1. Among Thr172, Thr191, which is in contact with a Leu (Cβ under 7 Å, 6 or more places away or on another chain) and either over 18 Å from Gly224 (Cα atoms) or assigned to a helix (DSSP H, G or I) (or both)?
2. Of all residues in the stretch 51-70, count the ones that are hydrophobic (A, V, I, L, M, F, W, C) and either more than 15 Å from Leu177 (Cβ to Cβ) or part of a loop (DSSP other than H, G, I, E, B) (or both).
3. Looking only at the stretch 351-364, filter to residues that are part of a helix (DSSP H, G or I) and touching a residue at least 24 places away in the same chain (Cβ under 8 Å); which one of those is farthest from His260 (Cα to Cα)?
4. Those residues that are polar (S, T, N, Q) and part of a helix (DSSP H, G or I), I need them from the stretch 385-437; list them, please.
5. Restrict the check to the stretch 415-438 and report whether at least one residue is over 19 Å from Phe472 (Cβ atoms), surrounded by 15 or more Cβ atoms within 10 Å (Cβ to Cβ) and free of Cβ contacts under 8 Å to residues at least 12 places away in the same chain.
6. What tally of residues in the stretch 439-462 results from selecting those that are surrounded by 13 or more Cβ atoms within 10 Å (Cβ to Cβ), assigned to a loop (DSSP other than H, G, I, E, B) and of a type in the set (Lys, Arg)?
7. Would you mind listing the helices (runs of 4 or more DSSP H) fully within the stretch 225-306 where at least 2 residues are modelled with pLDDT of 85 or more?
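The values are calculated or read from the model by the stated rules, or taken from the named source; none is laboratory data. Since the model is a prediction, treat every value here as computed from it, not as a measurement. Please note: Cβ atoms are built from the backbone with ideal geometry, for glycine as well, and neighbour counts cover all protein chains shown.
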Amino acid sequence: MPPANIVTSEFRRPGPWLEGGLVFGLALGLYLLFAKSGFYEVDGQSLVHWLAMGEGNHDRHLLFMPLARLLATALLWVGLTPFEALRAISAIGMATAVFFFWAAALRLGRSRAERASLAAAIACSPALLFFAAVVEFHGLFLAFAAMAWFFEACLERSRRSALAAVAMGIATGLASLVHGSGQLLVLLLPTFYLLRQGLTAPVLRRTLPLVLLAFVSHAVVVLGLGYWLRPEGTQGQEDYLLSSLEFLPPVAEFGSDFLHEWILAFLPVSLLCWMAFRLPDERGRTSWLAVSVLVYVLLSWVLVPGVHERGAYLLPLVYPAALFTLSSAPRWWILALTAAGLFYGIHDLRSYESPSRPPAWSRALVQVEAEQPGFYLMGDHSEVDALLIRKPELPYSLFQETIDQLLLGMLRASDVRALLQGLADFQARQGRVIYLTASAWGLLAKPDPILLAAREGIQGAFVMVPVERDGFQAWR
(Lines give C-alpha, C1' and ligand atoms only; values in the text may rest on other atoms or scores of the structure.)
Protein backbone atom coordinates (compact mmCIF):
# COMPACT_ATOMS: atom_id res chain seq x y z
CA MET A 1 0.00 0.00 0.00
CA PRO A 2 1.32 3.50 -0.77
CA PRO A 3 2.56 5.53 2.18
CA ALA A 4 -0.16 7.32 4.13
CA ASN A 5 1.67 10.54 4.88
CA ILE A 6 1.56 13.59 2.63
CA VAL A 7 5.32 14.21 2.53
CA THR A 8 6.12 11.12 0.52
CA SER A 9 9.32 9.21 -0.02
CA GLU A 10 9.64 10.80 -3.47
CA PHE A 11 10.28 14.19 -1.87
CA ARG A 12 12.82 12.89 0.65
CA ARG A 13 15.38 12.38 -2.13
CA PRO A 14 17.26 15.37 -3.62
CA GLY A 15 16.60 14.43 -7.26
CA PRO A 16 12.91 15.37 -7.40
CA TRP A 17 13.53 18.65 -5.60
CA LEU A 18 16.20 19.61 -8.14
CA GLU A 19 13.85 18.63 -10.95
CA GLY A 20 11.01 20.63 -9.38
CA GLY A 21 13.28 23.64 -8.92
CA LEU A 22 14.24 23.44 -12.58
CA VAL A 23 10.56 23.29 -13.58
CA PHE A 24 9.79 26.36 -11.47
CA GLY A 25 12.83 28.27 -12.71
CA LEU A 26 12.19 27.59 -16.39
CA ALA A 27 8.52 28.55 -16.09
CA LEU A 28 9.37 31.75 -14.22
CA GLY A 29 12.03 32.67 -16.76
CA LEU A 30 9.58 32.14 -19.62
CA TYR A 31 6.94 34.32 -17.97
CA LEU A 32 9.31 37.14 -17.05
CA LEU A 33 10.71 37.12 -20.59
CA PHE A 34 7.29 38.01 -22.02
CA ALA A 35 6.12 40.39 -19.28
CA LYS A 36 3.86 43.10 -20.68
CA SER A 37 4.66 46.78 -20.26
CA GLY A 38 1.00 47.83 -19.96
CA PHE A 39 -2.26 46.81 -18.30
CA TYR A 40 -4.85 44.21 -19.25
CA GLU A 41 -8.37 45.61 -18.69
CA VAL A 42 -9.09 47.72 -15.59
CA ASP A 43 -8.68 45.33 -12.64
CA GLY A 44 -4.92 45.71 -12.79
CA GLN A 45 -5.26 49.49 -12.52
CA SER A 46 -7.11 49.19 -9.21
CA LEU A 47 -4.62 46.62 -7.86
CA VAL A 48 -1.62 48.85 -8.58
CA HIS A 49 -3.30 51.91 -7.09
CA TRP A 50 -4.31 50.01 -3.93
CA LEU A 51 -0.78 48.66 -3.50
CA ALA A 52 0.72 52.13 -3.92
CA MET A 53 -1.74 53.69 -1.46
CA GLY A 54 -1.37 50.91 1.13
CA GLU A 55 -5.14 50.52 1.40
CA GLY A 56 -8.13 49.30 -0.57
CA ASN A 57 -9.38 45.84 -1.52
CA HIS A 58 -11.64 44.12 -4.01
CA ASP A 59 -15.13 43.42 -2.72
CA ARG A 60 -15.24 39.85 -4.09
CA HIS A 61 -11.64 38.68 -4.41
CA LEU A 62 -10.88 39.40 -0.78
CA LEU A 63 -7.55 37.69 -0.16
CA PHE A 64 -5.62 38.87 -3.19
CA MET A 65 -4.58 42.31 -1.96
CA PRO A 66 -3.53 41.20 1.57
CA LEU A 67 -1.33 38.48 0.05
CA ALA A 68 -0.06 40.80 -2.69
CA ARG A 69 0.97 43.42 -0.15
CA LEU A 70 2.83 40.78 1.83
CA LEU A 71 4.61 39.38 -1.23
CA ALA A 72 5.33 42.82 -2.67
CA THR A 73 7.20 43.97 0.44
CA ALA A 74 10.50 42.46 -0.67
CA LEU A 75 9.95 43.37 -4.34
CA LEU A 76 9.32 47.01 -3.50
CA TRP A 77 12.31 47.02 -1.17
CA VAL A 78 14.67 46.04 -4.02
CA GLY A 79 13.41 48.95 -6.11
CA LEU A 80 10.51 47.64 -8.18
CA THR A 81 7.53 49.92 -8.73
CA PRO A 82 4.07 48.77 -7.59
CA PHE A 83 3.25 47.90 -11.21
CA GLU A 84 6.44 45.88 -11.65
CA ALA A 85 5.96 44.14 -8.28
CA LEU A 86 2.42 42.99 -9.08
CA ARG A 87 3.45 41.88 -12.55
CA ALA A 88 6.26 39.82 -10.98
CA ILE A 89 3.76 38.31 -8.51
CA SER A 90 1.67 37.14 -11.48
CA ALA A 91 4.70 35.40 -12.96
CA ILE A 92 5.77 33.89 -9.63
CA GLY A 93 2.22 32.68 -8.96
CA MET A 94 1.96 30.96 -12.35
CA ALA A 95 5.38 29.36 -12.00
CA THR A 96 4.38 28.11 -8.54
CA ALA A 97 1.23 26.62 -10.07
CA VAL A 98 3.31 24.77 -12.68
CA PHE A 99 5.50 23.44 -9.85
CA PHE A 100 2.49 22.11 -7.92
CA PHE A 101 1.08 20.48 -11.04
CA TRP A 102 4.43 18.82 -11.58
CA ALA A 103 4.49 17.73 -7.91
CA ALA A 104 1.00 16.25 -8.25
CA ALA A 105 2.16 14.19 -11.22
CA LEU A 106 5.15 13.02 -9.18
CA ARG A 107 2.85 12.03 -6.33
CA LEU A 108 0.74 9.99 -8.76
CA GLY A 109 3.82 8.05 -9.82
CA ARG A 110 4.28 9.51 -13.29
CA SER A 111 7.67 9.02 -14.91
CA ARG A 112 10.19 11.82 -15.34
CA ALA A 113 9.40 12.09 -19.05
CA GLU A 114 5.67 12.28 -18.31
CA ARG A 115 6.19 14.92 -15.65
CA ALA A 116 8.29 16.99 -18.03
CA SER A 117 5.68 16.72 -20.78
CA LEU A 118 2.90 17.69 -18.37
CA ALA A 119 4.81 20.68 -16.99
CA ALA A 120 5.73 21.90 -20.48
CA ALA A 121 2.20 21.51 -21.87
CA ILE A 122 0.73 23.41 -18.93
CA ALA A 123 3.40 26.12 -18.66
CA CYS A 124 3.24 26.88 -22.39
CA SER A 125 -0.56 27.09 -22.53
CA PRO A 126 -1.57 30.47 -23.98
CA ALA A 127 -3.78 31.25 -20.96
CA LEU A 128 -1.00 30.71 -18.42
CA LEU A 129 1.50 32.60 -20.56
CA PHE A 130 -0.85 35.58 -20.87
CA PHE A 131 -1.92 35.90 -17.24
CA ALA A 132 1.63 35.40 -16.02
CA ALA A 133 2.68 38.43 -18.04
CA VAL A 134 0.10 40.97 -16.82
CA VAL A 135 -1.14 42.44 -13.55
CA GLU A 136 -4.16 40.31 -12.66
CA PHE A 137 -5.62 38.02 -9.99
CA HIS A 138 -5.12 34.77 -11.84
CA GLY A 139 -1.44 33.97 -11.28
CA LEU A 140 -1.78 33.99 -7.50
CA PHE A 141 -5.18 32.27 -7.75
CA LEU A 142 -3.85 29.37 -9.81
CA ALA A 143 -1.00 28.81 -7.36
CA PHE A 144 -3.56 27.92 -4.67
CA ALA A 145 -5.74 25.96 -7.09
CA ALA A 146 -2.69 23.92 -8.14
CA MET A 147 -1.85 23.36 -4.48
CA ALA A 148 -5.35 21.93 -4.06
CA TRP A 149 -4.76 19.56 -7.00
CA PHE A 150 -1.51 18.44 -5.36
CA PHE A 151 -3.35 17.53 -2.15
CA GLU A 152 -6.02 15.77 -4.22
CA ALA A 153 -3.21 13.66 -5.68
CA CYS A 154 -1.98 12.97 -2.14
CA LEU A 155 -5.49 11.90 -1.21
CA GLU A 156 -5.68 9.55 -4.18
CA ARG A 157 -2.44 7.85 -3.23
CA SER A 158 -2.80 7.69 0.55
CA ARG A 159 -6.52 6.81 0.47
CA ARG A 160 -7.02 7.24 4.20
CA SER A 161 -5.30 10.55 4.80
CA ALA A 162 -7.60 12.90 6.68
CA LEU A 163 -4.76 15.43 6.68
CA ALA A 164 -4.69 15.45 2.87
CA ALA A 165 -8.47 16.02 2.78
CA VAL A 166 -8.19 18.94 5.21
CA ALA A 167 -5.28 20.40 3.25
CA MET A 168 -7.22 20.12 -0.02
CA GLY A 169 -10.21 21.92 1.53
CA ILE A 170 -8.03 24.68 2.94
CA ALA A 171 -6.33 25.16 -0.44
CA THR A 172 -9.66 25.37 -2.33
CA GLY A 173 -10.91 27.83 0.28
CA LEU A 174 -7.86 30.07 -0.08
CA ALA A 175 -8.13 29.91 -3.87
CA SER A 176 -11.79 30.96 -3.60
CA LEU A 177 -10.84 34.02 -1.57
CA VAL A 178 -8.08 35.02 -3.99
CA HIS A 179 -10.57 34.82 -6.90
CA GLY A 180 -14.26 34.08 -6.59
CA SER A 181 -14.31 31.51 -9.41
CA GLY A 182 -12.45 29.19 -7.03
CA GLN A 183 -15.73 28.39 -5.28
CA LEU A 184 -16.32 25.70 -7.90
CA LEU A 185 -13.12 23.88 -6.90
CA VAL A 186 -14.80 22.40 -3.83
CA LEU A 187 -17.11 20.49 -6.20
CA LEU A 188 -14.60 19.87 -8.98
CA LEU A 189 -11.77 18.20 -7.06
CA PRO A 190 -13.71 15.90 -4.71
CA THR A 191 -15.73 14.60 -7.67
CA PHE A 192 -12.55 13.70 -9.54
CA TYR A 193 -11.33 11.95 -6.40
CA LEU A 194 -14.55 9.96 -5.97
CA LEU A 195 -14.62 8.91 -9.62
CA ARG A 196 -11.02 7.75 -9.36
CA GLN A 197 -11.66 5.67 -6.25
CA GLY A 198 -14.95 4.23 -7.48
CA LEU A 199 -18.61 4.71 -6.62
CA THR A 200 -19.37 1.32 -5.05
CA ALA A 201 -20.89 1.27 -1.57
CA PRO A 202 -17.81 -0.13 0.25
CA VAL A 203 -15.54 2.47 -1.37
CA LEU A 204 -17.93 5.34 -0.68
CA ARG A 205 -18.06 4.43 3.00
CA ARG A 206 -14.35 5.10 3.10
CA THR A 207 -14.12 8.11 0.76
CA LEU A 208 -17.24 10.16 1.55
CA PRO A 209 -16.08 11.07 5.09
CA LEU A 210 -12.85 12.42 3.58
CA VAL A 211 -14.81 14.45 1.03
CA LEU A 212 -17.03 15.80 3.82
CA LEU A 213 -13.89 16.77 5.72
CA ALA A 214 -12.64 18.69 2.66
CA PHE A 215 -16.01 20.47 2.36
CA VAL A 216 -15.95 21.49 6.02
CA SER A 217 -12.36 22.73 5.78
CA HIS A 218 -13.23 24.76 2.69
CA ALA A 219 -16.29 26.27 4.39
CA VAL A 220 -14.35 27.19 7.55
CA VAL A 221 -11.73 29.07 5.51
CA VAL A 222 -14.21 30.83 3.22
CA LEU A 223 -16.70 31.82 5.91
CA GLY A 224 -14.21 32.55 8.68
CA LEU A 225 -11.46 34.32 6.78
CA GLY A 226 -13.95 35.82 4.33
CA TYR A 227 -16.01 37.35 7.14
CA TRP A 228 -12.88 38.91 8.60
CA LEU A 229 -11.70 40.31 5.27
CA ARG A 230 -14.98 41.55 3.79
CA PRO A 231 -15.63 45.30 4.23
CA GLU A 232 -19.10 46.27 5.39
CA GLY A 233 -21.66 47.06 2.72
CA THR A 234 -19.79 45.39 -0.16
CA GLN A 235 -21.31 43.08 -2.74
CA GLY A 236 -20.73 39.35 -2.18
CA GLN A 237 -20.27 36.58 -4.73
CA GLU A 238 -23.94 35.58 -4.60
CA ASP A 239 -25.20 39.12 -5.25
CA TYR A 240 -22.78 39.57 -8.13
CA LEU A 241 -23.87 36.30 -9.77
CA LEU A 242 -27.59 37.07 -9.36
CA SER A 243 -27.16 40.55 -10.85
CA SER A 244 -25.30 39.03 -13.82
CA LEU A 245 -28.15 36.58 -14.47
CA GLU A 246 -30.56 39.47 -15.01
CA PHE A 247 -29.05 40.29 -18.43
CA LEU A 248 -27.99 37.13 -20.24
CA PRO A 249 -25.89 37.56 -23.39
CA PRO A 250 -26.95 36.13 -26.78
CA VAL A 251 -26.73 32.34 -26.99
CA ALA A 252 -24.72 32.65 -30.20
CA GLU A 253 -21.79 34.01 -28.18
CA PHE A 254 -21.44 30.76 -26.25
CA GLY A 255 -19.77 28.98 -29.17
CA SER A 256 -17.28 31.80 -29.60
CA ASP A 257 -16.57 31.75 -25.86
CA PHE A 258 -15.97 27.99 -25.99
CA LEU A 259 -13.43 28.46 -28.77
CA HIS A 260 -11.53 31.31 -27.11
CA GLU A 261 -11.91 30.35 -23.44
CA TRP A 262 -11.05 26.67 -23.82
CA ILE A 263 -9.80 25.46 -27.21
CA LEU A 264 -7.35 28.27 -28.02
CA ALA A 265 -6.52 29.21 -24.44
CA PHE A 266 -5.29 25.77 -23.41
CA LEU A 267 -3.60 24.29 -26.45
CA PRO A 268 -2.55 21.49 -26.65
CA VAL A 269 -4.41 19.80 -23.77
CA SER A 270 -7.77 21.34 -24.69
CA LEU A 271 -7.78 19.19 -27.83
CA LEU A 272 -5.83 16.07 -26.88
CA CYS A 273 -7.47 15.38 -23.52
CA TRP A 274 -10.62 14.01 -25.17
CA MET A 275 -8.67 11.05 -26.52
CA ALA A 276 -8.99 9.67 -22.99
CA PHE A 277 -12.58 8.69 -23.84
CA ARG A 278 -10.97 5.68 -25.53
CA LEU A 279 -9.70 4.45 -22.13
CA PRO A 280 -12.41 2.61 -20.16
CA ASP A 281 -10.83 3.53 -16.80
CA GLU A 282 -10.86 7.24 -17.61
CA ARG A 283 -14.26 7.69 -19.25
CA GLY A 284 -15.99 8.70 -16.03
CA ARG A 285 -13.45 11.38 -15.12
CA THR A 286 -13.16 12.56 -18.73
CA SER A 287 -16.93 12.98 -18.81
CA TRP A 288 -16.72 15.02 -15.60
CA LEU A 289 -14.04 17.18 -17.21
CA ALA A 290 -16.37 17.78 -20.16
CA VAL A 291 -19.15 18.84 -17.79
CA SER A 292 -16.74 21.07 -15.90
CA VAL A 293 -15.53 22.76 -19.08
CA LEU A 294 -19.11 23.50 -20.12
CA VAL A 295 -19.96 24.88 -16.66
CA TYR A 296 -16.88 27.10 -16.54
CA VAL A 297 -17.47 28.40 -20.09
CA LEU A 298 -21.10 29.06 -19.13
CA LEU A 299 -19.87 31.00 -16.10
CA SER A 300 -17.56 33.07 -18.28
CA TRP A 301 -20.35 33.63 -20.82
CA VAL A 302 -22.69 34.95 -18.10
CA LEU A 303 -20.28 36.99 -15.98
CA VAL A 304 -18.28 38.70 -18.74
CA PRO A 305 -20.62 38.85 -21.74
CA GLY A 306 -19.12 39.88 -25.04
CA VAL A 307 -15.56 39.70 -23.71
CA HIS A 308 -13.07 36.90 -24.34
CA GLU A 309 -11.16 36.47 -21.07
CA ARG A 310 -8.53 34.16 -22.61
CA GLY A 311 -9.42 31.22 -20.37
CA ALA A 312 -9.16 33.07 -17.06
CA TYR A 313 -12.07 31.22 -15.49
CA LEU A 314 -10.99 27.79 -16.76
CA LEU A 315 -7.39 27.83 -15.51
CA PRO A 316 -7.88 25.08 -12.85
CA LEU A 317 -9.02 22.63 -15.56
CA VAL A 318 -5.65 22.66 -17.31
CA TYR A 319 -4.27 20.03 -14.90
CA PRO A 320 -6.84 17.23 -15.35
CA ALA A 321 -6.82 17.94 -19.09
CA ALA A 322 -3.04 17.53 -19.08
CA LEU A 323 -3.28 14.27 -17.11
CA PHE A 324 -5.76 12.80 -19.59
CA THR A 325 -3.59 14.00 -22.47
CA LEU A 326 -0.59 12.15 -21.03
CA SER A 327 -2.64 8.97 -20.62
CA SER A 328 -4.07 8.87 -24.12
CA ALA A 329 -2.18 10.97 -26.69
CA PRO A 330 1.03 10.01 -28.53
CA ARG A 331 4.05 11.75 -27.09
CA TRP A 332 5.06 13.43 -30.35
CA TRP A 333 1.55 14.86 -30.72
CA ILE A 334 1.90 16.42 -27.29
CA LEU A 335 5.30 17.92 -28.08
CA ALA A 336 4.24 19.26 -31.48
CA LEU A 337 1.03 20.85 -30.21
CA THR A 338 2.78 22.22 -27.11
CA ALA A 339 5.11 24.10 -29.45
CA ALA A 340 2.11 25.26 -31.49
CA GLY A 341 0.34 26.42 -28.32
CA LEU A 342 3.43 28.33 -27.20
CA PHE A 343 3.77 30.10 -30.56
CA TYR A 344 0.07 30.98 -30.52
CA GLY A 345 0.36 32.24 -26.95
CA ILE A 346 3.33 34.45 -27.81
CA HIS A 347 1.48 35.81 -30.83
CA ASP A 348 -1.64 36.52 -28.76
CA LEU A 349 0.43 38.18 -26.05
CA ARG A 350 2.28 40.41 -28.49
CA SER A 351 -0.83 41.27 -30.47
CA TYR A 352 -2.59 42.56 -27.36
CA GLU A 353 -1.45 46.08 -26.68
CA SER A 354 -3.36 48.35 -24.35
CA PRO A 355 -3.46 52.00 -25.42
CA SER A 356 -0.52 53.86 -23.93
CA ARG A 357 0.96 57.31 -23.76
CA PRO A 358 4.58 57.96 -24.81
CA PRO A 359 7.23 58.02 -22.06
CA ALA A 360 7.60 61.78 -22.50
CA TRP A 361 3.96 62.22 -21.42
CA SER A 362 4.62 60.33 -18.17
CA ARG A 363 7.80 62.29 -17.47
CA ALA A 364 5.93 65.55 -18.06
CA LEU A 365 3.21 64.47 -15.64
CA VAL A 366 5.86 63.87 -12.97
CA GLN A 367 7.27 67.36 -13.63
CA VAL A 368 3.82 68.97 -13.40
CA GLU A 369 3.12 67.16 -10.13
CA ALA A 370 6.43 68.38 -8.69
CA GLU A 371 5.53 71.98 -9.51
CA GLN A 372 1.96 71.84 -8.14
CA PRO A 373 0.43 68.67 -6.61
CA GLY A 374 -2.94 67.84 -8.12
CA PHE A 375 -5.93 65.56 -8.56
CA TYR A 376 -6.05 64.29 -12.15
CA LEU A 377 -9.25 63.94 -14.18
CA MET A 378 -8.24 61.61 -17.00
CA GLY A 379 -9.97 61.33 -20.34
CA ASP A 380 -9.16 57.71 -21.20
CA HIS A 381 -7.51 54.57 -19.89
CA SER A 382 -4.22 55.24 -21.69
CA GLU A 383 -3.69 58.25 -19.41
CA VAL A 384 -4.66 56.24 -16.34
CA ASP A 385 -2.20 53.51 -17.38
CA ALA A 386 0.63 56.01 -17.76
CA LEU A 387 -0.07 57.57 -14.36
CA LEU A 388 -0.29 54.21 -12.56
CA ILE A 389 2.88 52.82 -14.10
CA ARG A 390 4.94 55.93 -13.26
CA LYS A 391 3.21 57.59 -10.25
CA PRO A 392 0.52 55.20 -8.92
CA GLU A 393 0.14 57.03 -5.61
CA LEU A 394 -1.38 60.10 -7.28
CA PRO A 395 -5.15 60.64 -6.88
CA TYR A 396 -7.11 60.41 -10.12
CA SER A 397 -10.50 59.74 -11.64
CA LEU A 398 -11.66 58.69 -15.10
CA PHE A 399 -13.75 61.59 -16.41
CA GLN A 400 -15.29 59.33 -19.06
CA GLU A 401 -17.43 57.73 -16.32
CA THR A 402 -18.91 61.13 -15.44
CA ILE A 403 -19.65 61.80 -19.12
CA ASP A 404 -21.38 58.42 -19.46
CA GLN A 405 -23.61 59.20 -16.48
CA LEU A 406 -24.38 62.60 -17.99
CA LEU A 407 -25.43 61.14 -21.36
CA LEU A 408 -27.53 58.43 -19.69
CA GLY A 409 -29.48 61.05 -17.77
CA MET A 410 -28.10 59.98 -14.40
CA LEU A 411 -26.52 63.44 -13.99
CA ARG A 412 -27.48 66.93 -15.12
CA ALA A 413 -25.07 69.55 -16.44
CA SER A 414 -25.39 71.47 -13.19
CA ASP A 415 -24.51 68.30 -11.28
CA VAL A 416 -21.18 68.05 -13.11
CA ARG A 417 -20.32 71.63 -12.18
CA ALA A 418 -21.30 71.00 -8.56
CA LEU A 419 -19.27 67.78 -8.42
CA LEU A 420 -16.17 69.53 -9.75
CA GLN A 421 -16.66 72.43 -7.35
CA GLY A 422 -16.90 70.08 -4.38
CA LEU A 423 -13.88 68.13 -5.60
CA ALA A 424 -11.87 71.34 -6.10
CA ASP A 425 -12.74 72.60 -2.61
CA PHE A 426 -11.77 69.28 -1.02
CA GLN A 427 -8.49 69.02 -2.93
CA ALA A 428 -7.64 72.64 -2.09
CA ARG A 429 -7.78 71.74 1.59
CA GLN A 430 -5.26 68.98 0.78
CA GLY A 431 -2.97 71.45 -0.98
CA ARG A 432 -3.91 70.14 -4.43
CA VAL A 433 -5.45 71.60 -7.56
CA ILE A 434 -7.58 69.90 -10.21
CA TYR A 435 -5.92 68.94 -13.50
CA LEU A 436 -8.41 68.30 -16.31
CA THR A 437 -6.42 66.68 -19.11
CA ALA A 438 -6.89 67.71 -22.71
CA SER A 439 -8.54 64.40 -23.60
CA ALA A 440 -10.93 64.75 -20.64
CA TRP A 441 -11.87 68.28 -21.70
CA GLY A 442 -12.27 67.03 -25.26
CA LEU A 443 -15.04 64.68 -24.12
CA LEU A 444 -17.22 67.78 -23.61
CA ALA A 445 -16.48 69.14 -27.08
CA LYS A 446 -18.84 66.78 -28.91
CA PRO A 447 -21.88 68.40 -30.56
CA ASP A 448 -24.41 67.46 -27.90
CA PRO A 449 -26.54 70.05 -26.06
CA ILE A 450 -26.10 68.27 -22.72
CA LEU A 451 -22.30 68.22 -23.06
CA LEU A 452 -22.31 71.83 -24.28
CA ALA A 453 -24.26 72.91 -21.19
CA ALA A 454 -21.84 71.09 -18.92
CA ARG A 455 -18.86 72.68 -20.70
CA GLU A 456 -20.28 76.19 -20.41
CA GLY A 457 -21.11 75.60 -16.75
CA ILE A 458 -17.54 74.56 -15.98
CA GLN A 459 -16.09 77.53 -17.88
CA GLY A 460 -18.37 79.88 -15.96
CA ALA A 461 -17.50 78.42 -12.56
CA PHE A 462 -13.71 78.06 -12.85
CA VAL A 463 -10.69 80.00 -14.02
CA MET A 464 -8.98 77.51 -16.29
CA VAL A 465 -5.22 77.89 -16.70
CA PRO A 466 -3.62 75.86 -19.51
CA VAL A 467 -0.69 73.60 -18.58
CA GLU A 468 1.57 72.06 -21.22
CA ARG A 469 4.78 70.07 -20.81
CA ASP A 470 6.29 67.82 -23.55
CA GLY A 471 3.00 66.47 -24.82
CA PHE A 472 1.15 66.59 -21.50
CA GLN A 473 -1.74 69.02 -21.92
CA ALA A 474 -4.28 69.94 -19.24
CA TRP A 475 -6.22 72.76 -17.66
CA ARG A 476 -5.63 73.62 -14.02
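1. On the way: Thr191 fails: in contact with a Leu (Cβ under 7 Å, 6 or more places away or on another chain).
Answer to the selection: Thr172.
2. Filtering the stretch 51-70 down to residues hydrophobic (A, V, I, L, M, F, W, C) leaves 51-53, 62-65, 67-68, 70.
Still in the list and also either more than 15 Å from Leu177 (Cβ to Cβ) or part of a loop (DSSP other than H, G, I, E, B) (or both): 51-53, 62-63.
The qualifying residues number 5.
3. First, the residues of the stretch 351-364 that are part of a helix (DSSP H, G or I): 351, 359-364.
Narrowing the set further to residues that are touching a residue at least 24 places away in the same chain (Cβ under 8 Å) leaves 360-364.
Working: Ala360: 36, Trp361: 35, Ser362: 34, Arg363: 38, Ala364: 39 Å.
Among those that are part of a helix (DSSP H, G or I) and touching a residue at least 24 places away in the same chain (Cβ under 8 Å), it is Ala364.
4. Initially, the stretch 385-437 is screened for residues polar (S, T, N, Q), giving 397, 400, 402, 405, 414, 421, 427, 430, 437.
Gln400, Thr402, Gln405, Ser414, Gln421, Gln427 - these are the residues of the stretch 385-437 that are polar (S, T, N, Q) and part of a helix (DSSP H, G or I).
5. yes
6. Here the count works out to 0.
7. Passing ranges, in order: 252-258, 269-272, 283-303.
Every residue, every condition in (1) modelled with pLDDT under 95; (2) among the hydrophobic types (A, V, I, L, M, F, W, C); (3) closer than 23 Å to Leu51 by Cβ, yes or no:
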{"site": "Ser90", "(1), (2), (3)": "no, no, yes"}
{"site": "Trp102", "(1), (2), (3)": "no, yes, no"}
{"site": "Ala113", "(1), (2), (3)": "yes, yes, no"}
{"site": "Phe131", "(1), (2), (3)": "no, yes, yes"}
{"site": "Phe151", "(1), (2), (3)": "no, yes, no"}
{"site": "Leu184", "(1), (2), (3)": "yes, yes, no"}
{"site": "Leu194", "(1), (2), (3)": "yes, yes, no"}
{"site": "Thr200", "(1), (2), (3)": "yes, no, no"}
